[in-house]
Each structure stands twice: as C-alpha cells, then as structure tokens.
1. Report whether or not residue 171 is surrounded by 14 or more Cβ atoms within 10 Å (Cβ to Cβ), more than 12 Å from the ligand (Cβ to nearest atom), outside the structural domain of residue 340 (by TED's automatic domain parsing) and part of a helix (DSSP H, G or I).
2. Just give me the residues in region 350-362 being in contact with a helix residue (DSSP H, G or I) (Cβ under 9 Å, 6 or more places away or on another chain) and without any contact (Cβ under 8 Å) to a residue 40 or more places away in the chain, in sequence order.
3. Might you let me know whether region 274-284 holds any residue that is outside the structural domain of residue 117 (by TED's automatic domain parsing) and part of a strand (DSSP E or B)?
4. Among the residues that make up region 199-206, is at least one of them more than 16 Å from the ligand (Cβ to nearest atom), free of Cβ contacts under 8 Å to residues at least 60 places away in the same chain and under 30 Å from residue 353 (Cβ atoms)?
5. Just one of the numbered conditions (1) more than 23 Å from residue 138 (Cα to Cα); (2) more than 20 Å from the chain's Cα centre (by Cα); (3) part of a loop (DSSP other than H, G, I, E, B) is not true of residue 256; which one?
6. Criterion first (more than 16 Å from the ligand (Cβ to nearest atom), in a loop (DSSP other than H, G, I, E, B) and touching a helix residue (DSSP H, G or I) at 6+ places or on another chain (Cβ under 9 Å)) does residue 163 satisfy it?
7. Here is a check on your reading of the model: is residue 309 touching a residue at least 24 places away in the same chain (Cβ under 8 Å), in the same structural domain as residue 25 (by TED's automatic domain parsing), under 27 Å from residue 14 (Cα atoms) and surrounded by fewer than 18 Cβ atoms within 10 Å (Cβ to Cβ)?
8. Taking interchain pairs and intrachain pairs at least six residues apart, which have beta carbon atoms under 7 angstrom, with the first residue in region 2-20 and modelled with pLDDT under 85 and the second part of a helix (DSSP H, G or I)?
Ligand SMILES: *Cc1c(COP(=O)(O)O)cnc(C)c1O
C-alpha cells in the first residue's frame, strides 16, 4: 500500500525509554527515568481523589466541551470561557493548529532545535518548514521574524525552549510581536510556564487583548504531574478558538482527565511546592556541573541540557547501565549533550554519581 509521500519524511517519535524495558534489558532492579520531563513528585492527592470519584461514570462519554474545567480555568486565567480549547495533551492542540492553518502552499517558521511536534505535524499537513537556528540556545526572534514569507501562516515559539530550557524575555517577545503581521499566527508553547522563576519571562495571557494572532499552549502534563491522562490547552481569541474547534475531535479529553485537571488546578499549593523543589534540584545539579567544569544552558524548566564532553549516545548508554535514563543530545540536535530531567533530591544524587562515572570526574561522594 502507498501512503502519502510526505509522511515518509516524518520520523516516528522516539519516546524516552520506559523503566520496565530498561530493567528487563539490563537486569537492573532500580531504574530512574529522567528522560521525559515528568514530575518526580507525582500529582496532587486531590487529583487522585477526583479520579476515584468518577469511577462509576466510565460507561458515559465525556463532556466534549469540558465545560466545568473550562469555566474554572477561564476564571483562574482571567479569560472568557470561549477563549479556551482543550486537547489530549497540548500535543493535540499543536495538531489542531497545523490541521486548521497549514497545508500545501503554506509555510511555517520555527526554531531549531526545538520541540519536534511542530515540524512533524506541519510536514504531515504538507507545509514548508522554515527552521531558524537557536542563538546561544535561545530563539533568535529577530531572525525568525525576518524568515517569515508571504505564505507563512504560523510561527512557533517554545518558551522555555525544549530541549535547551532557556527563555525569551518579555522585551524580546514584545519586539518580535511588533514585527509580525497580525495575519500570521504566533504559537507560544509554554509547557513549562509554571516552573519559570525569572522575572523577565513574559506574562502572555494579558497580551492576548492586543495580539489577536497569538495562541498560548499550556499543559497539565508537566508541573501538574498528569502526563498519563493527556490534557493540555490553548488560550487565544474567541475567533481563533472557534476555528480550531472545527478540527477538534468531539470527545478528545476524557472524563478522568477533566476531573483530575480541575482538582489539580484547585491545588496551587502543590504547584508552588513543585516549583520550589525543582529550583532546589536544579541548583543541586548545576552546582556539581560547575564544580566539574561541565557547561550547560541556563534552565527555567525542569530539565537541563548539559555538555558531557563525550559522544551523547555513549554517555546515554553509560548512564543507562547505571540505571539512569536520560535523553541523548544526538536525537535532540545537541550532539555532545544529555538532556536530564530534574528529579527529587535522592534521584539527583544518584544521577550525579552516575554522571561522575560517565564523564570521569570525582563525585566527592
Ligand atoms: C511536554 C511538552 C509538550 C506537550 O505535552 P502534552 O503532554 O502533550 O501536553 C508540549 N510542548 C513542549 C515544549 C513540551 O516539552
């Protein structure tokens, strides 16, 4: 059978290695996964309660409009309910955007390296992908504005950027938005929004009033710790949301995901605790990198991209044999680097011990 030709250009997504597979392959009993930027502290207890409370409703289709979650999140963000769209993860909102706005005869501008889903979805939908290299690990917004062509429909800004963890400042973003035509959609992927502590980071929801071409993507998968349930969202003008709703699957978020997201949203103490613990963990890890002379990108997220000074795949395998799953920079466009998720204190200690063995420094432990 013959698939659409352009699908053959799309590499299948390579996920972080699952813990059980690594245990089986290497005969290890303890394995720590620091590969997919999941929350090492789990999720809010209230989210688990909320799921248990739904167990007798499983025969019924979910509320396709996610109405209760919609009202509560609109209230939380200070936007109108019709300015929100929910997805089976924010990945699905990325897909809705390319489906609705990109096709043959259009182009889309993004950074490289960045989150791979923009490129794969745009390619599947037949758009030309224009990639603008990062500058010092940060989106080069001037070059991205300059790369926009007459047929460009969508520009992607991942902030903080995955895999570098770096941010663009409010000043940079505002200057960029001033240069982009209001006919070009600007996607701000803020999957790690809740982790950011840098005061120069833009608060983008209030910008929506001034920039109707903006859409902000956030997720319950990262700091809220609900990655398994698949729920994320977009915030934009009512017009843009109504367009995206045309391509949304009717029951794209589950009852359990909606219930858990509502309970998680109500438990902001959990979010604050995780943000604080993540900053402590980042310091724990980068203090050692500094001590060992390993360079890394300054991260505002829950992961760090570190230069290990040897081949990434070799470093990945050496870490794996010691029970630590990381991400090889080779797959991320950063050869010589590993992307490592910040774990809890004990996990970070074990990761650092393994890294010391891997790069050949004394760990002082
Ligand atoms: C994890 C991540 C997402 C998507 O997460 P979902 O689980 O699909 O909500 C989106 N963008 C970036 C940059 C991410 O790292």
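The values are calculated or read from the model by the stated rules, or taken from the named source; none is laboratory data. Every value quoted in this text rests on a predicted model; they were computed, and no experiment measured them. No Cβ is skipped: glycine too gets one built from the backbone with ideal geometry, and neighbour counts run over all protein chains shown.
1. Working: surrounded by 14 or more Cβ atoms within 10 Å (Cβ to Cβ): no; more than 12 Å from the ligand (Cβ to nearest atom): yes; outside the structural domain of residue 340 (by TED's automatic domain parsing): yes; part of a helix (DSSP H, G or I): yes.
So residue 171 does not fit the description; no.
2. Step one: list which residues in region 350-362 are in contact with a helix residue (DSSP H, G or I) (Cβ under 9 Å, 6 or more places away or on another chain), which gives 351-352, 354-359, 361-362.
Once the filter is applied, which keeps residues that are in contact with a helix residue (DSSP H, G or I) (Cβ under 9 Å, 6 or more places away or on another chain) and without any contact (Cβ under 8 Å) to a residue 40 or more places away in the chain, region 350-362 yields 354, 357, 362.
3. Of the residues in region 274-284, the ones outside the structural domain of residue 117 (by TED's automatic domain parsing) are 274-284.
Then drop every residue that is not part of a strand (DSSP E or B), which leaves none.
No, because not a single residue in region 274-284 is outside the structural domain of residue 117 (by TED's automatic domain parsing) and part of a strand (DSSP E or B).
4. no
5. Tallying (1) more than 23 Å from residue 138 (Cα to Cα); (2) more than 20 Å from the chain's Cα centre (by Cα); (3) part of a loop (DSSP other than H, G, I, E, B), residue 256 fails exactly one: (3).
6. no
7. Working: touching a residue at least 24 places away in the same chain (Cβ under 8 Å): yes; in the same structural domain as residue 25 (by TED's automatic domain parsing): yes; under 27 Å from residue 14 (Cα atoms): yes; surrounded by fewer than 18 Cβ atoms within 10 Å (Cβ to Cβ): yes.
Yes, satisfied.
8. Matching pairs, first to second residue: 9/123; 14/331.
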